[in-house]
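What follows is one structure encoded as structure tokens, with my remarks underneath.
The values are calculated or read from the model by the stated rules, or taken from the named source; none is laboratory data. Just so it is clear, the model here is predicted, and its values are computed rather than measured. So basically every Cβ, Gly included, is an ideal-geometry build from the backbone, and we count neighbours across all protein chains shown.
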Amino acid sequence: MQEPTLANRLLGIKSALPAGVELVAVSKTYPAEKIMEAYEAGQRIFGENRPQEMARKYEELPKDIEWHLIGHLQTNKVKTVVPFVRMIHSVDSARLTEAIQKAAQAAGRTIDILLEIHVADEESKSGWEPQELAEYVRSGAFDRMPNLRVRGVMGVATNTDDERIVRRDFEALRRIKEELAPCFGTDFDTLSMGMSHDYPLAIECGATMVRIGTAIFGARDYSK
């Protein structure tokens, strides 16, 4: 039996997504040719983890691509992505938030951001602790950042085969988004959660955006 093409895998996933759920094709480590295959099949939103890799691909590829930075962002790399990034999913601290505001103001842009929440049973995962974020939001800090548009929250579930734990994490993210919503306007509409191995459950729990890489592009070769 012939293996499905990249385009067929992409279109199969997109056709199965419910209305209102957006697909970020996670293209980190994949070459520009693979991204072009997905682009030619109609995909326009791509997610990258590394600022330098995303900037290089931005220069090489069509300019109507929407680039989403989904990996950890160091403050000293903010200026690399601010001129062109459409959305930064991984805003995980006050320091980073303020660095993005400063760079966006200097670039004359308004940047869409998501607040990354730490819900997983793994210390290695980044993100705001829910209480810490609630206090920062209540402080009115975002009212002083006109170049940021806070669109919602993002998170990564615990890496486990136990569906109960993954569901718990996704439901916690949804609940935190609902609790924060009154502090923001109608633009606060995005819940980014779910990857290749768990996105159907994420959608069941209320995801409006899923981040899918290997299920579209195939296994990554990290040796390159």
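Some values worked out for this structure:
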quantity: Residue list for the stretch 156-194, restricted to those being within 13 Å of VAL119 (Cβ to Cβ) and aliphatic (A, V, I, L, M); calculated: VAL156, ALA157, ILE165, VAL166, ALA172, LEU173, ILE176, LEU191, MET193
quantity: Residue check, GLY194 at pLDDT 95 or above and buried (at least 19 other Cβ atoms within 10 Å of the Cβ); calculated: yes
quantity: Breaking point among (1) loosely packed, with under 15 Cβ neighbours inside 10 Å; (2) touching a residue at least 40 places away in the same chain (Cβ under 8 Å); (3) aliphatic (A, V, I, L, M), for LEU180; calculated: (1)
quantity: Complete set of residues in the stretch 8-20 that are of a type in the set (A, V, I, L, M, F, W, C) and either surrounded by 16 or more Cβ atoms within 10 Å (Cβ to Cβ) or in contact with a Phe, Trp or Tyr (Cβ under 7 Å, 6 or more places away or on another chain) (or both); calculated: LEU10, LEU11, ILE13, LEU17
quantity: Complete set of residues in the stretch 1-29 that are over 29 Å from ALA55 (Cβ atoms) and in contact (Cβ under 8 Å) with a residue 12 or more places away in the chain; calculated: PRO18, GLY20
quantity: VAL166 assigned to a strand (DSSP E or B), modelled with pLDDT of 95 or more and either over 16 Å from ALA207 (Cα atoms) or out of contact with any Lys or Arg (no Cβ under 7 Å at 6 or more places or on another chain) (or both); calculated: no
